[in-house]
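One structure below.
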Amino acid sequence: QKEVEQDPGPLSVPEGAIVSLNCTYSNSAFQYFMWYRQYSRKGPELLMYTYSSGNKEDGRFTAQVDKSSKYISLFIRDSQPSDSATYLCAMKMGYVLRGGSEKLVFGKGTKLTVNP
Amino acid sequence: DGGITQSPKYLFRKEGQNVTLSCEQNLNHDAMYWYRQDPGQGLRLIYYSQIVNDFQKGDIAEGYSVSREKKESFPLTVTSAQKNPTAFYLCASTAGGGYTTNEKLFFGSGTQLSVL
């Protein structure tokens, strides 16, 4: 089983729809969870950053973490064509392994298209 | 504006040739990272550096080399030993040295490397 699983899609929705993007993980030591948005041929940009379980809201975006199920979600309300991008989940344990930097583990990304 | 600059945007490599990808940051960040992204794949860590004149191998370091002579610069060389170099390469940085738990990763805009 891979550490982080993310459905690659593609996911296509009409403008205004609510979008749900998800990742599951196997390592119960993960405590910090992130969502990155990546436009085509650009670097990822940090969208949401959460610690432990619970919800975090920022405008039209809500990040949800359920550590008991090892499941994280990103919800996009009132989706816009400008939301069309690949969304990457990422997570880390929250402590530094001896002799090294803390490793961030990424999902493969879900490609989202929002149609006008 | 502060940020991470990667150059060139596109690069072509001939058989047996070494090529160097540039990464410069003016964010005064201590730690810098190189990731490789293949279509439909998550980001994989190649090398990282937490301080000047020091760097560590990531998950897929074979066929790559780096240097960190200045805080602002972290060039990546793709050597002829890397038999499958075609990929999108991303440079990233964090403010701290990768030791603290809440550091956030900032990315450059990437370099697409292709083999002729």
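The values are calculated or read from the model by the stated rules, or taken from the named source; none is laboratory data. Not measured: the values here are computed from a predicted model. Virtual Cβ from ideal backbone geometry, glycine too; neighbours counted across all protein chains shown. For the accessible areas, the whole protein counts, side chains as well, though only heavy atoms, and no ligand, DNA or RNA atoms are used. Shrake-Rupley method; radii C 1.70, N 1.55, O 1.52, S 1.80 Å.
Key figures
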read-out	value
Those residues of the stretch A:29-48 which are more than 8 Å from chain B (Cβ to nearest Cβ), at pLDDT 90 or above and surrounded by fewer than 16 Cβ atoms within 10 Å (Cβ to Cβ), in sequence order	A:Tyr39, A:Ser40
From the options B:Glu15, B:Glu62, residue that is modelled with pLDDT of 95 or more, more than 29 Å from A:Thr110 (Cβ to Cβ) and open to solvent by 20 Å² or more (accessible area, probe 1.4 Å)	B:Glu62
Number of positions in the stretch A:1-28 that are open to solvent by 80 Å² or more (accessible area, probe 1.4 Å) and hydrophobic (A, V, I, L, M, F, W, C)	1
All positions within the stretch B:1-12 that are touching a residue at least 60 places away in the same chain (Cβ under 8 Å), assigned to a loop (DSSP other than H, G, I, E, B) and open to solvent by 60 Å² or more (accessible area, probe 1.4 Å)	B:Lys9
Count of the stretch B:44-77 residues which are facing chain A (nearest Cβ under 10 Å) and either hydroxyl-bearing (Ser, Thr, Tyr) or free of Cβ contacts under 8 Å to residues at least 12 places away in the same chain (or both)	4
Failed condition for B:Gln41, given (1) outside any loop (DSSP other than H, G, I, E, B); (2) among the polar types (S, T, N, Q); (3) within 12 Å of chain A (Cβ to nearest Cβ)	(1)
Criterion (over 15 Å from B:Leu113 (Cβ atoms) and open to solvent by less than 10 Å² (accessible area, probe 1.4 Å)) met by exactly one of B:Ala31, B:Ala95	B:Ala31
Subset of the stretch B:68-92 (residues that are β-branched (Val, Ile, Thr) and open to solvent by less than 10 Å² (accessible area, probe 1.4 Å))	B:Val78
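Matching residues to (1) of a type outside the set (Gly, Ala, Ser); (2) closer than 21 Å to A:Thr86 by Cα:
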| position | (1), (2) |
| --- | --- |
| B:Ser22 | no, no |
| B:Tyr47 | yes, no |
| B:Gly58 | no, no |
| B:Ser80 | no, no |
| B:Gln112 | yes, yes |
